[in-house]
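Asks: Shown below is the structure under consideration.
The values are calculated or read from the model by the stated rules, or taken from the named source; none is laboratory data. Bear in mind that the values here come from a model prediction, so they are computed numbers and not experimental data. Cβ: placed from backbone, ideal geometry, glycine included. Neighbour counts: every protein chain shown. Heavy atoms of the whole protein, side chains included, go into the accessibility calculation; ligands, DNA and RNA do not. Shrake-Rupley method; radii C 1.70, N 1.55, O 1.52, S 1.80 Å.
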Amino acid sequence: MSDKSSNQMWGGRFAAGPDAIMEAINASIGFDKRLAAQDIAGSRAHAAMLAATGIISDSDAETIREGLLTVLSEIEEGRFEFSTALEDIHMNVEARLKEIVGEPAGRLHTARSRNDQVATDFKLWTRDQFDAFEQGLLALIRALVDQAEAGAAWVMPGFTHLQTAQPVTWGHHMLAYVEMFARDLSRVRDARKRMNECPLGSAALAGTGFAIDRHMTAEALGFDRPTANSLDAVSDRDFALEFLSTASICAMHLSRFAEELVIWSSAQFRFVALSDRFSTGSSIMPQKKNPDAAELIRAKIGRIFGANVALMTVMKGLPLAYSKDMQEDKEQVFDAADNLMLALAAMEGMVKDMSANVDNLEAAASAGFSTATDLADWLVRETGLPFRDAHHVTGSLVAMAEGKGCDLPDLSLEEMQSVSGAITEGIYDVLGVHNSVASRLSHGGTAPARVREQVARWKEILA
(Lines give C-alpha, C1' and ligand atoms only; values in the text may rest on other atoms or scores of the structure.)
Protein backbone atom coordinates (compact mmCIF):
# COMPACT_ATOMS: atom_id res chain seq x y z
CA MET A 1 0.00 0.00 0.00
CA SER A 2 1.46 3.39 -0.98
CA ASP A 3 1.82 6.51 1.16
CA LYS A 4 -0.75 8.12 -1.12
CA SER A 5 -3.37 5.52 -0.26
CA SER A 6 -2.43 5.89 3.41
CA ASN A 7 -3.09 9.63 3.14
CA GLN A 8 -6.49 8.91 1.64
CA MET A 9 -7.33 6.97 4.79
CA TRP A 10 -6.56 10.09 6.80
CA GLY A 11 -8.54 12.39 4.51
CA GLY A 12 -7.16 15.76 3.39
CA ARG A 13 -5.30 16.85 6.53
CA PHE A 14 -1.79 15.91 5.32
CA ALA A 15 -0.38 16.82 1.92
CA ALA A 16 2.52 14.36 2.01
CA GLY A 17 3.17 11.02 3.68
CA PRO A 18 5.28 10.68 6.77
CA ASP A 19 8.94 9.94 6.23
CA ALA A 20 10.42 6.56 6.99
CA ILE A 21 11.31 7.38 10.60
CA MET A 22 7.84 8.64 11.41
CA GLU A 23 6.30 5.63 9.73
CA ALA A 24 8.50 3.31 11.76
CA ILE A 25 7.75 4.92 15.12
CA ASN A 26 4.06 5.38 14.37
CA ALA A 27 3.25 1.92 13.03
CA SER A 28 1.95 -0.77 15.38
CA ILE A 29 0.93 -3.41 12.85
CA GLY A 30 4.06 -5.42 13.65
CA PHE A 31 2.51 -6.43 16.96
CA ASP A 32 -1.17 -5.43 17.00
CA LYS A 33 -1.95 -7.80 14.14
CA ARG A 34 -2.46 -10.26 17.00
CA LEU A 35 -5.74 -8.41 17.57
CA ALA A 36 -7.10 -9.32 14.13
CA ALA A 37 -9.79 -11.74 15.30
CA GLN A 38 -10.95 -9.35 18.01
CA ASP A 39 -10.93 -6.39 15.62
CA ILE A 40 -13.09 -8.23 13.12
CA ALA A 41 -15.46 -9.48 15.82
CA GLY A 42 -15.90 -5.90 17.06
CA SER A 43 -16.50 -4.61 13.54
CA ARG A 44 -19.08 -7.29 12.83
CA ALA A 45 -20.96 -6.42 16.02
CA HIS A 46 -20.75 -2.71 15.20
CA ALA A 47 -22.05 -3.21 11.65
CA ALA A 48 -24.97 -5.31 12.88
CA MET A 49 -25.86 -2.62 15.41
CA LEU A 50 -25.64 0.15 12.79
CA ALA A 51 -28.11 -1.77 10.64
CA ALA A 52 -30.44 -2.55 13.56
CA THR A 53 -30.62 1.14 14.45
CA GLY A 54 -31.16 2.21 10.83
CA ILE A 55 -27.84 4.05 10.55
CA ILE A 56 -26.75 1.85 7.63
CA SER A 57 -28.82 -0.44 5.42
CA ASP A 58 -29.23 -4.15 6.04
CA SER A 59 -27.66 -4.90 2.67
CA ASP A 60 -24.57 -2.83 3.49
CA ALA A 61 -24.30 -4.56 6.86
CA GLU A 62 -24.50 -7.99 5.22
CA THR A 63 -21.91 -6.99 2.60
CA ILE A 64 -19.61 -5.76 5.38
CA ARG A 65 -20.15 -8.96 7.38
CA GLU A 66 -19.26 -11.19 4.43
CA GLY A 67 -16.27 -9.05 3.56
CA LEU A 68 -14.95 -9.17 7.12
CA LEU A 69 -15.25 -12.96 7.14
CA THR A 70 -13.20 -13.03 3.95
CA VAL A 71 -10.54 -10.82 5.56
CA LEU A 72 -10.47 -13.05 8.63
CA SER A 73 -10.02 -16.19 6.54
CA GLU A 74 -7.16 -14.54 4.65
CA ILE A 75 -5.44 -13.67 7.92
CA GLU A 76 -5.97 -17.11 9.43
CA GLU A 77 -4.65 -18.80 6.28
CA GLY A 78 -1.59 -16.54 6.13
CA ARG A 79 -2.59 -14.93 2.83
CA PHE A 80 -3.10 -11.41 4.19
CA GLU A 81 -0.46 -8.79 3.37
CA PHE A 82 0.01 -6.46 6.32
CA SER A 83 1.20 -2.93 5.53
CA THR A 84 3.19 -0.70 7.86
CA ALA A 85 2.03 2.28 5.80
CA LEU A 86 -1.46 1.57 7.12
CA GLU A 87 -0.13 1.77 10.70
CA ASP A 88 -2.30 -0.68 12.59
CA ILE A 89 -4.60 -3.67 12.42
CA HIS A 90 -7.71 -1.48 12.20
CA MET A 91 -6.63 0.36 9.06
CA ASN A 92 -5.21 -2.78 7.51
CA VAL A 93 -8.52 -4.58 7.92
CA GLU A 94 -10.57 -1.61 6.74
CA ALA A 95 -8.40 -1.06 3.66
CA ARG A 96 -8.63 -4.71 2.65
CA LEU A 97 -12.38 -4.68 3.29
CA LYS A 98 -12.71 -1.75 0.90
CA GLU A 99 -10.79 -3.65 -1.76
CA ILE A 100 -13.17 -6.58 -1.35
CA VAL A 101 -16.58 -4.90 -1.00
CA GLY A 102 -16.05 -1.34 -2.20
CA GLU A 103 -18.21 1.57 -1.02
CA PRO A 104 -20.05 -0.14 1.90
CA ALA A 105 -16.69 -0.49 3.69
CA GLY A 106 -16.61 3.26 4.14
CA ARG A 107 -19.79 3.11 6.26
CA LEU A 108 -18.36 0.68 8.81
CA HIS A 109 -16.53 3.37 10.77
CA THR A 110 -19.69 5.42 11.32
CA ALA A 111 -20.22 6.30 15.02
CA ARG A 112 -16.90 4.93 16.22
CA SER A 113 -13.24 5.95 16.42
CA ARG A 114 -10.00 4.03 16.45
CA ASN A 115 -9.86 5.04 20.12
CA ASP A 116 -12.89 3.03 21.20
CA GLN A 117 -12.10 0.39 18.58
CA VAL A 118 -8.64 -0.38 19.96
CA ALA A 119 -9.89 -0.28 23.54
CA THR A 120 -12.55 -2.85 22.62
CA ASP A 121 -10.14 -5.06 20.68
CA PHE A 122 -7.58 -5.01 23.46
CA LYS A 123 -10.21 -5.77 26.10
CA LEU A 124 -11.49 -8.71 24.09
CA TRP A 125 -7.96 -10.07 23.71
CA THR A 126 -7.10 -9.55 27.38
CA ARG A 127 -10.36 -11.20 28.41
CA ASP A 128 -9.34 -14.26 26.40
CA GLN A 129 -5.99 -14.25 28.23
CA PHE A 130 -7.73 -14.10 31.60
CA ASP A 131 -9.75 -17.16 30.55
CA ALA A 132 -6.59 -19.01 29.48
CA PHE A 133 -4.89 -17.88 32.72
CA GLU A 134 -7.77 -19.38 34.71
CA GLN A 135 -7.54 -22.71 32.92
CA GLY A 136 -3.77 -22.83 33.37
CA LEU A 137 -4.11 -22.22 37.10
CA LEU A 138 -6.82 -24.87 37.47
CA ALA A 139 -4.64 -27.45 35.72
CA LEU A 140 -1.68 -26.64 37.97
CA ILE A 141 -3.81 -26.73 41.12
CA ARG A 142 -5.17 -30.16 40.15
CA ALA A 143 -1.64 -31.46 39.65
CA LEU A 144 -0.60 -30.15 43.07
CA VAL A 145 -3.65 -31.67 44.77
CA ASP A 146 -2.79 -35.04 43.23
CA GLN A 147 0.74 -34.77 44.62
CA ALA A 148 -0.65 -33.78 48.03
CA GLU A 149 -2.96 -36.78 48.07
CA ALA A 150 -0.17 -39.18 47.16
CA GLY A 151 2.16 -37.79 49.83
CA ALA A 152 -0.27 -36.91 52.61
CA ALA A 153 1.84 -38.90 55.12
CA TRP A 154 5.31 -38.54 53.61
CA VAL A 155 7.51 -36.71 56.11
CA MET A 156 9.92 -34.02 54.97
CA PRO A 157 11.74 -31.13 56.62
CA GLY A 158 9.98 -27.83 56.90
CA PHE A 159 12.33 -24.89 56.62
CA THR A 160 12.68 -21.36 57.87
CA HIS A 161 15.69 -19.37 56.65
CA LEU A 162 16.37 -22.51 54.53
CA GLN A 163 17.36 -24.18 57.80
CA THR A 164 15.59 -27.30 59.07
CA ALA A 165 12.82 -26.11 61.36
CA GLN A 166 10.11 -28.73 62.02
CA PRO A 167 8.93 -31.85 60.21
CA VAL A 168 6.03 -31.36 57.82
CA THR A 169 4.35 -33.61 55.30
CA TRP A 170 4.88 -33.56 51.54
CA GLY A 171 1.13 -33.16 51.12
CA HIS A 172 1.11 -30.11 53.37
CA HIS A 173 3.92 -28.51 51.36
CA MET A 174 2.09 -29.14 48.07
CA LEU A 175 -1.09 -27.68 49.51
CA ALA A 176 0.77 -24.51 50.48
CA TYR A 177 1.22 -23.86 46.75
CA VAL A 178 -2.40 -24.79 46.11
CA GLU A 179 -3.39 -21.96 48.45
CA MET A 180 -1.06 -19.52 46.65
CA PHE A 181 -2.31 -20.39 43.19
CA ALA A 182 -5.91 -20.40 44.43
CA ARG A 183 -5.46 -16.78 45.49
CA ASP A 184 -4.14 -16.09 41.99
CA LEU A 185 -7.24 -17.79 40.59
CA SER A 186 -9.45 -15.58 42.76
CA ARG A 187 -7.66 -12.46 41.51
CA VAL A 188 -8.03 -13.58 37.90
CA ARG A 189 -11.76 -14.15 38.27
CA ASP A 190 -12.25 -10.89 40.11
CA ALA A 191 -10.33 -8.84 37.54
CA ARG A 192 -12.05 -10.53 34.61
CA LYS A 193 -15.44 -9.69 36.05
CA ARG A 194 -14.48 -6.07 36.66
CA MET A 195 -13.06 -5.49 33.17
CA ASN A 196 -16.06 -6.93 31.32
CA GLU A 197 -17.56 -3.61 30.18
CA CYS A 198 -17.64 -2.63 26.51
CA PRO A 199 -15.94 0.61 25.33
CA LEU A 200 -17.38 0.40 21.80
CA GLY A 201 -19.53 3.42 21.01
CA SER A 202 -17.51 5.82 23.14
CA ALA A 203 -16.04 7.04 19.84
CA ALA A 204 -13.01 9.36 20.06
CA LEU A 205 -13.70 10.50 23.65
CA ALA A 206 -17.13 12.14 23.91
CA GLY A 207 -19.56 9.56 22.58
CA THR A 208 -21.45 10.08 19.33
CA GLY A 209 -24.44 11.98 17.99
CA PHE A 210 -25.70 8.89 16.16
CA ALA A 211 -28.52 7.00 17.87
CA ILE A 212 -26.49 3.86 18.45
CA ASP A 213 -27.36 0.95 20.74
CA ARG A 214 -24.33 0.31 22.92
CA HIS A 215 -26.11 -2.37 24.91
CA MET A 216 -26.57 -4.36 21.71
CA THR A 217 -22.87 -4.33 20.82
CA ALA A 218 -21.88 -5.06 24.42
CA GLU A 219 -24.14 -8.11 24.52
CA ALA A 220 -23.00 -9.31 21.09
CA LEU A 221 -19.38 -9.26 22.25
CA GLY A 222 -20.06 -11.01 25.54
CA PHE A 223 -19.67 -7.97 27.79
CA ASP A 224 -21.88 -7.48 30.83
CA ARG A 225 -22.67 -3.86 29.95
CA PRO A 226 -21.31 -0.84 28.07
CA THR A 227 -18.86 1.44 29.87
CA ALA A 228 -20.50 4.35 31.67
CA ASN A 229 -18.11 7.19 30.75
CA SER A 230 -16.71 7.73 27.27
CA LEU A 231 -13.63 9.66 28.48
CA ASP A 232 -12.66 6.86 30.82
CA ALA A 233 -13.52 4.14 28.30
CA VAL A 234 -11.03 5.21 25.64
CA SER A 235 -8.24 6.06 28.09
CA ASP A 236 -8.61 3.14 30.51
CA ARG A 237 -5.97 0.43 30.54
CA ASP A 238 -6.66 -0.78 34.06
CA PHE A 239 -7.75 -4.13 32.63
CA ALA A 240 -4.29 -4.59 31.09
CA LEU A 241 -2.59 -3.41 34.28
CA GLU A 242 -4.69 -5.80 36.35
CA PHE A 243 -3.73 -8.62 34.03
CA LEU A 244 -0.06 -7.74 34.45
CA SER A 245 -0.26 -7.23 38.20
CA THR A 246 -2.17 -10.49 38.65
CA ALA A 247 0.30 -12.22 36.35
CA SER A 248 3.20 -10.76 38.35
CA ILE A 249 1.94 -12.14 41.66
CA CYS A 250 1.32 -15.54 40.08
CA ALA A 251 4.75 -15.39 38.44
CA MET A 252 6.31 -14.72 41.84
CA HIS A 253 4.61 -17.87 43.17
CA LEU A 254 5.84 -19.86 40.16
CA SER A 255 9.35 -18.58 40.74
CA ARG A 256 9.32 -19.55 44.42
CA PHE A 257 8.26 -23.08 43.52
CA ALA A 258 10.78 -23.23 40.67
CA GLU A 259 13.52 -22.25 43.12
CA GLU A 260 12.51 -25.06 45.45
CA LEU A 261 12.53 -27.56 42.59
CA VAL A 262 16.02 -26.45 41.61
CA ILE A 263 17.21 -26.93 45.21
CA TRP A 264 15.31 -30.18 45.77
CA SER A 265 16.62 -31.81 42.60
CA SER A 266 20.26 -31.02 43.41
CA ALA A 267 22.74 -33.74 44.39
CA GLN A 268 22.95 -32.19 47.85
CA PHE A 269 19.22 -32.60 48.52
CA ARG A 270 17.87 -35.32 46.19
CA PHE A 271 14.35 -34.70 47.41
CA VAL A 272 12.79 -35.01 43.95
CA ALA A 273 13.61 -36.39 40.55
CA LEU A 274 12.37 -34.41 37.54
CA SER A 275 11.58 -36.35 34.39
CA ASP A 276 13.71 -36.14 31.28
CA ARG A 277 10.90 -34.17 29.66
CA PHE A 278 11.76 -31.16 31.83
CA SER A 279 15.50 -31.62 32.30
CA THR A 280 18.59 -31.49 30.12
CA GLY A 281 22.07 -32.94 30.31
CA SER A 282 25.44 -31.28 30.19
CA SER A 283 27.53 -31.06 27.02
CA ILE A 284 30.66 -32.01 28.98
CA MET A 285 29.59 -33.65 32.27
CA PRO A 286 27.71 -36.91 31.62
CA GLN A 287 26.46 -37.24 35.20
CA LYS A 288 24.52 -33.95 35.12
CA LYS A 289 20.75 -33.66 34.89
CA ASN A 290 19.82 -30.01 34.95
CA PRO A 291 16.38 -28.66 36.00
CA ASP A 292 16.30 -26.30 33.03
CA ALA A 293 12.52 -25.89 32.89
CA ALA A 294 12.43 -24.71 36.51
CA GLU A 295 15.37 -22.38 35.91
CA LEU A 296 13.75 -20.88 32.82
CA ILE A 297 10.49 -20.31 34.70
CA ARG A 298 12.50 -18.54 37.38
CA ALA A 299 14.13 -16.34 34.73
CA LYS A 300 11.06 -15.59 32.62
CA ILE A 301 9.36 -14.07 35.64
CA GLY A 302 11.53 -10.96 35.19
CA ARG A 303 9.89 -10.30 31.83
CA ILE A 304 6.45 -10.35 33.43
CA PHE A 305 7.53 -8.05 36.26
CA GLY A 306 9.16 -5.77 33.69
CA ALA A 307 6.00 -5.58 31.59
CA ASN A 308 4.00 -4.54 34.64
CA VAL A 309 6.44 -1.75 35.52
CA ALA A 310 6.68 -0.64 31.88
CA LEU A 311 2.95 -0.21 31.38
CA MET A 312 2.49 1.49 34.75
CA THR A 313 5.19 3.93 33.67
CA VAL A 314 3.52 4.56 30.30
CA MET A 315 0.17 5.31 31.95
CA LYS A 316 1.25 7.29 34.99
CA GLY A 317 1.42 10.76 33.39
CA LEU A 318 -1.29 10.68 30.73
CA PRO A 319 -4.03 13.32 30.82
CA LEU A 320 -7.50 12.33 29.62
CA ALA A 321 -8.31 11.02 27.16
CA TYR A 322 -6.32 9.05 24.56
CA SER A 323 -2.63 9.68 23.90
CA LYS A 324 -0.39 7.93 21.41
CA ASP A 325 1.73 6.72 24.35
CA MET A 326 -0.95 4.10 24.82
CA GLN A 327 0.18 2.34 21.66
CA GLU A 328 2.99 1.05 23.87
CA ASP A 329 0.55 -0.98 25.96
CA LYS A 330 0.15 -4.09 23.86
CA GLU A 331 3.65 -5.48 23.39
CA GLN A 332 4.11 -5.59 27.16
CA VAL A 333 0.90 -7.53 27.70
CA PHE A 334 1.46 -9.81 24.72
CA ASP A 335 4.92 -10.80 25.94
CA ALA A 336 3.82 -11.24 29.54
CA ALA A 337 0.84 -13.39 28.54
CA ASP A 338 2.98 -15.61 26.32
CA ASN A 339 5.57 -16.17 29.03
CA LEU A 340 3.04 -16.64 31.81
CA MET A 341 1.14 -19.33 29.92
CA LEU A 342 4.39 -21.08 29.03
CA ALA A 343 5.54 -20.97 32.66
CA LEU A 344 2.19 -22.29 33.95
CA ALA A 345 2.20 -25.15 31.46
CA ALA A 346 5.81 -26.05 32.23
CA MET A 347 5.17 -26.01 35.97
CA GLU A 348 2.08 -28.17 35.59
CA GLY A 349 4.14 -30.64 33.57
CA MET A 350 6.91 -30.75 36.15
CA VAL A 351 4.48 -31.22 39.04
CA LYS A 352 2.75 -34.09 37.21
CA ASP A 353 6.03 -35.78 36.31
CA MET A 354 8.18 -35.24 39.39
CA SER A 355 8.70 -38.07 41.83
CA ALA A 356 9.54 -37.56 45.48
CA ASN A 357 12.39 -39.51 47.08
CA VAL A 358 10.46 -40.49 50.19
CA ASP A 359 13.43 -42.02 52.01
CA ASN A 360 15.61 -38.94 51.49
CA LEU A 361 12.77 -36.67 52.57
CA GLU A 362 12.29 -38.61 55.81
CA ALA A 363 16.01 -38.80 56.54
CA ALA A 364 16.33 -35.05 56.07
CA ALA A 365 13.27 -34.46 58.26
CA SER A 366 14.89 -36.45 61.04
CA ALA A 367 18.12 -34.46 60.93
CA GLY A 368 18.89 -31.09 62.45
CA PHE A 369 16.98 -31.64 65.73
CA SER A 370 13.73 -30.96 63.92
CA THR A 371 11.60 -32.25 66.81
CA ALA A 372 13.09 -29.88 69.39
CA THR A 373 9.89 -27.83 69.45
CA ASP A 374 7.89 -31.01 70.12
CA LEU A 375 10.12 -31.70 73.10
CA ALA A 376 9.57 -28.17 74.45
CA ASP A 377 5.82 -28.41 73.89
CA TRP A 378 5.73 -31.78 75.71
CA LEU A 379 7.53 -30.26 78.71
CA VAL A 380 4.91 -27.49 78.86
CA ARG A 381 1.98 -29.88 78.44
CA GLU A 382 3.13 -32.72 80.65
CA THR A 383 5.24 -31.07 83.36
CA GLY A 384 3.73 -27.59 83.59
CA LEU A 385 7.00 -25.83 82.84
CA PRO A 386 6.64 -22.29 81.46
CA PHE A 387 7.49 -22.33 77.76
CA ARG A 388 10.62 -20.19 78.23
CA ASP A 389 11.96 -22.65 80.81
CA ALA A 390 11.04 -25.57 78.55
CA HIS A 391 12.85 -23.81 75.71
CA HIS A 392 15.98 -23.59 77.89
CA VAL A 393 15.81 -27.27 78.88
CA THR A 394 15.35 -28.27 75.23
CA GLY A 395 18.31 -26.13 74.19
CA SER A 396 20.47 -27.93 76.74
CA LEU A 397 19.33 -31.32 75.43
CA VAL A 398 20.05 -30.25 71.84
CA ALA A 399 23.56 -29.23 72.90
CA MET A 400 24.01 -32.60 74.61
CA ALA A 401 22.86 -34.51 71.51
CA GLU A 402 25.05 -32.36 69.28
CA GLY A 403 28.04 -33.11 71.48
CA LYS A 404 27.34 -36.84 71.28
CA GLY A 405 26.79 -36.69 67.51
CA CYS A 406 23.26 -38.05 67.73
CA ASP A 407 19.67 -36.79 67.42
CA LEU A 408 17.27 -36.09 70.29
CA PRO A 409 15.43 -39.46 70.18
CA ASP A 410 18.81 -41.19 70.55
CA LEU A 411 19.45 -39.70 74.02
CA SER A 412 18.70 -42.08 76.88
CA LEU A 413 16.07 -41.26 79.48
CA GLU A 414 18.80 -40.96 82.09
CA GLU A 415 20.68 -38.43 79.96
CA MET A 416 17.53 -36.37 79.51
CA GLN A 417 16.68 -36.54 83.22
CA SER A 418 20.13 -35.23 84.02
CA VAL A 419 18.92 -31.93 82.51
CA SER A 420 15.35 -32.08 83.84
CA GLY A 421 14.12 -34.66 86.34
CA ALA A 422 10.54 -34.04 85.20
CA ILE A 423 11.12 -35.87 81.91
CA THR A 424 9.51 -39.32 81.64
CA GLU A 425 9.42 -42.17 79.14
CA GLY A 426 6.47 -40.44 77.47
CA ILE A 427 8.86 -38.01 75.82
CA TYR A 428 9.69 -40.61 73.19
CA ASP A 429 6.07 -40.56 71.97
CA VAL A 430 6.61 -37.11 70.46
CA LEU A 431 10.22 -37.17 69.33
CA GLY A 432 9.92 -39.23 66.13
CA VAL A 433 9.18 -37.24 62.97
CA HIS A 434 6.02 -39.24 62.25
CA ASN A 435 4.80 -38.62 65.78
CA SER A 436 5.63 -34.96 65.34
CA VAL A 437 3.62 -34.41 62.18
CA ALA A 438 0.73 -36.56 63.42
CA SER A 439 0.42 -34.31 66.47
CA ARG A 440 0.00 -31.13 64.41
CA LEU A 441 -3.77 -31.46 64.27
CA SER A 442 -4.68 -27.79 64.54
CA HIS A 443 -6.74 -26.43 61.66
CA GLY A 444 -4.38 -25.84 58.76
CA GLY A 445 -1.74 -28.04 60.37
CA THR A 446 0.57 -30.56 58.72
CA ALA A 447 -0.91 -33.75 60.21
CA PRO A 448 -1.76 -36.34 57.54
CA ALA A 449 -5.36 -36.32 58.75
CA ARG A 450 -5.61 -32.58 58.13
CA VAL A 451 -3.88 -32.89 54.76
CA ARG A 452 -6.37 -35.50 53.63
CA GLU A 453 -9.24 -33.26 54.75
CA GLN A 454 -7.84 -30.41 52.68
CA VAL A 455 -7.30 -32.67 49.68
CA ALA A 456 -10.92 -33.75 49.88
CA ARG A 457 -12.04 -30.14 50.16
CA TRP A 458 -10.02 -29.14 47.10
CA LYS A 459 -11.26 -32.09 45.07
CA GLU A 460 -14.81 -31.00 45.82
CA ILE A 461 -14.01 -27.40 44.83
CA LEU A 462 -12.32 -28.49 41.60
CA ALA A 463 -15.14 -30.87 40.70
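Asks: Quick one: Karplus J couplings for segment 394-403, per residue in order, coefficients 6.51, -1.76, 1.60, θ = phi - 60°, nearest Hz, x for Gly and Pro?
Replies: 4, x, 5, 5, 4, 4, 5, 5, 4, x
Asks: From the residues Ala165, Leu361, Ala24, which one has its Cα farthest along the dipole of the chain in the positive direction, the dipole being from +1 and -1 charges on Cβ of Lys/Arg and Asp/Glu about the Cα centre?
Replies: Of the listed residues, the answer is Ala24.
Asks: Considering all alpha-carbon pairs of segment 364-462, what whole percent are spaced by more than 23 angstrom?
Replies: The calculated P(r) of segment 364-462 puts 31 percent of pairs beyond 23 Å.
Asks: What is the magnitude of the charge dipole of the chain about its Cα centre, with +1 placed on the Cβ of each Lys and Arg, -1 on the Cβ of each Asp and Glu, and no other charges, expressed in debye to the nearest 20?
Replies: Once rounded to the nearest 20, the dipole reads 400 debye.
Asks: Using bins 5 angstrom wide from zero, how does P(r) for segment 35-123 break down, in % of all Cα pairs?
Replies: Percent of pairs per bin, in order: 3, 15, 28, 27, 19, 7, 2, 0.
Asks: In segment 20-107, what percent of the accessible surface is made up of carbon and sulfur (1.4 Å probe, ligands and nucleic acids excluded)?
Replies: 51 percent
Asks: Now a separate question. Stick to the Cα atoms of segment 90-188, pair each with every other, and give me the Kirkwood hydrodynamic radius in Å at one decimal.
Replies: Averaging 1/r across every pair of different Cα atoms and inverting gives 17.9 Å.
Asks: Given a Förster radius of 30 Å and the C-beta distance between Arg452 and Ala367 as r, what FRET efficiency does 1/(1 + (r/R0)^6) yield to the nearest 0.05?
Replies: The pair Arg452/Ala367 has a calculated efficiency of 0.70.
Asks: Give, in nm to one decimal, the length gained when the segment between Ala399 and Asp190 is fully stretched (0.36 nm per residue of separation minus the Cα-Cα distance).
Replies: 70.1 nm
Asks: With every protein chain present, what is the per residue accessible area of segment 20-107 (1.4 Å probe, Å²)?
Replies: With the other protein chains kept in place, segment 20-107 gives 45 Å² per residue.
Asks: Here's a follow-up. Tell me, what is the per residue accessible area of segment 364-462 in Å², probe radius 1.4 Å?
Replies: Accessible area per residue: 51 Å².
Asks: Sum up the charges of everything whose Cβ sits under 14 Å from the Cβ of Glu362, counting Lys and Arg as +1 and Asp and Glu as -1, but leave Glu362 out.
Replies: For residues surrounding Glu362, the net value is -1.
Asks: Now for a separate question. I'd like the carbon and sulfur percentage of the solvent accessible area for segment 364-462, probe radius 1.4 Å, heavy atoms only, ligands and nucleic acids excluded.
Replies: The value for segment 364-462 is 53 percent carbon and sulfur by accessible area.
Asks: Along the positive direction of the dipole of the chain (beta-carbon charges: Lys, Arg +1; Asp, Glu -1; about the Cα centre), which of Leu35, Gly444, Thr313 reaches farthest?
Replies: Ranked along the dipole, the leading option is Thr313.
Asks: Give, in nm to one decimal, the length gained when the segment between Glu76 and Phe31 is fully stretched (0.36 nm per residue of separation minus the Cα-Cα distance).
Replies: Length gained, Glu76 through Phe31: 14.6 nm.
Asks: What full-extension length gain, to one decimal in nm, is calculated for Met252 and His392 as 0.36 nm per residue of separation minus the Cα-Cα distance?
Replies: In short, 46.6 nm is gained.
Asks: Can you work out the Karplus-derived ³J(HN,Hα) for every residue in segment 59-67? Use 6.51 cos²θ - 1.76 cosθ + 1.60 with θ = phi - 60°, whole Hz, and x for glycine or proline.
Replies: Per-residue couplings from phi come out as 5, 5, 4, 5, 4, 4, 4, 5, x Hz.
Asks: Could I ask something else about it? What's the ranking of 192-199, 389-396 by average number of surrounding C-beta atoms within 10 Å, highest first?
Replies: The packing order, highest mean first, is 192-199, 389-396.
Asks: If you don't mind, another one. So how strong a dipole does segment 364-462 carry about its Cα centre when Lys and Arg Cβ are +1 and Asp and Glu Cβ are -1, to the nearest 20 debye?
Replies: 560 debye
Asks: Give me a comma-separated list of calculated 3J(HN,Hα) values for segment 238-255, in order, Karplus coefficients 6.51, -1.76, 1.60 applied at θ = phi - 60°, integers in Hz, x for any Gly or Pro.
Replies: Result, rounded to whole Hz: 4, 4, 6, 5, 5, 4, 5, 5, 5, 4, 5, 5, 4, 4, 4, 5, 4, 5.
Asks: Shifting gears a bit: Can you pick out the pairs among Lys300/Lys352; Lys193/Lys330; Lys33/Lys352; Lys193/Lys316 whose Cα atoms lie more than 26 Å from each other?
Replies: Checking Cα-Cα distances, Lys33/Lys352 exceed 26 Å.
Asks: Moving on to the next point. Consider all pairwise Cα distances in segment 148-214 and report the whole-number % of them above 15 Å.
Replies: Tail of P(r) above 15 Å: 71 percent of Cα pairs.
Asks: Is the shape of the chain rounded, prolate or oblate, going by the alpha carbon gyration tensor and its root eigenvalues a ≥ b ≥ c, with a/c under 1.5 for rounded and a/b larger than b/c for prolate?
Replies: prolate
Asks: Between Arg183 and Ser355, what's the calculated FRET efficiency when r is the beta-carbon distance and R0 is 30 Å? Round to 0.05.
Replies: Calculated transfer efficiency: 0.65.
Asks: How tilted is helix 372-383 with respect to the longest principal axis of the chain? Cα atoms for both, answer in degrees (0 to 90, nearest 10).
Replies: The helix 372-383 is inclined about 60 degrees to the chain.
Asks: Order of 146-152, 226-232, 158-164 by packing, highest average Cβ count within 10 Å first?
Replies: Peptide ranking by packing, descending: 146-152, 226-232, 158-164.
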